[in-house]
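Presented below is the structure to which this report refers.
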Amino acid sequence: MPQQNDLKRIARQHLETDRLLGVDFVPIKTPQSEPAPEPAAAAEIEVNIPPGPVQPSTGTRKPTSLFEAASPAQSVPRRSRQEKADALEALRTRHDETCPHCTTATAHTQTVFGEGAPDAELIFIGEAPGEQEDRTGRPFVGRAGRKLDEIIQAMGLARPDVYIANVLKSRPMGNRTPLPTEVEQCAAFLAEQIRIIQPKVIVGLGGPAVKWLLGTNVGITRLRGQWATFTDAEVSVPVMPTFHPAYLLRNYTPDTRGKVWSDMQQVMAYLQPASE
């Protein structure tokens, strides 16, 4: 994984390479003379605690700043990379054997648990696998996945540096939006993935994923670009909501691309050391 103090330099190199190769995901390059953007204030919305195997505390939370939102709910023992990898594999097995939704659903051929660095600082979370993901057993491998790969590369990272998962681990019938009952049954395993990895930042991709992460019904158009938080009894992680890559492909305009890149710049700035 690149050193954090090299992140901006690598990102600028990717932007220049993309321009030369005609890749136009990023419409505007921030001038080098401009300071890195400060993380925005947390979204002023009610944040319900997501369901999970660990009994959560009661009530809702309305974070007033990113740094309040990022304070752990409890002290969680640190695990080594190998311990996290082993825990994720055990969770995968338990999910496939016991998930109330995925063990009874019939529209999928296999589950798509998630993949990436078990100790990733950054997690990307979408809503559910699609046809190609169902075929391969890997998240985000279709057109939307290739666009996500471009975004990750433009941030100066590579796919193995991050972790990628979905709220639902199995493909919904006809690629429809997951039903609330399906999310309620399956998402507890995603909450446990987050607790194992203990990332510094989560990027929520699209409305359904963000609504679960934040426990809200507010639409993605209002939420994107504003820091919020995922919180349960063990962890509290900053969340940056942004558009799903599939939406980006359907609305491939300078305005939409600029908004997504602005969201990713906020994530990059947050992951920088304080001295940068």
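Since every read-out is calculated from the coordinates, none of them should be taken as a lab result. Keep in mind that what you see is a predicted model, and the values were worked out from it rather than measured. All Cβ positions, even for glycine, are placed from backbone atoms using ideal geometry, and neighbour counts span all protein chains on display.
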Counting other beta carbons within 10 Å of each Cβ, put Met155, Met268, Met173 in order, fewest first. Met173, Met268, Met155
Would you mind counting up the charge near Ile194? Only other residues with Cβ under 12 Å from its Cβ, with Lys and Arg at +1 and Asp and Glu at -1. 0
Which entries in Lys147/Lys200; Lys211/Lys259; Lys84/Lys169; Lys84/Lys147; Lys169/Lys200 show an alpha-carbon gap greater than 21 Å? Lys147/Lys200; Lys84/Lys147; Lys169/Lys200
Would you please put 237-247, 95-105, 135-145 in order of how densely packed they are, using the mean number of other Cβ atoms within 10 angstrom per residue and starting with the highest? 237-247, 135-145, 95-105
Shape of region 222-276, Cα gyration tensor, a/c cut at 1.5: oblate
Considering only DSSP beta bridges where both residues belong to region 158-276, give the percentage that are antiparallel (nearest 5). 50 percent
Please give, to one decimal in nm, the separation of the simple spin-label points placed at Thr109 and Asn251, each 7 Å out from Cα toward the Cβ. 3.3 nm
If one computes P(r) from the Cα atoms of region 68-207, what percent of pairs lie at distances over 20 Å? 46 percent
Once both label points are put 7 Å beyond Cα along the C-beta direction, the Asp161-Arg78 separation in nm becomes 2.1 nm
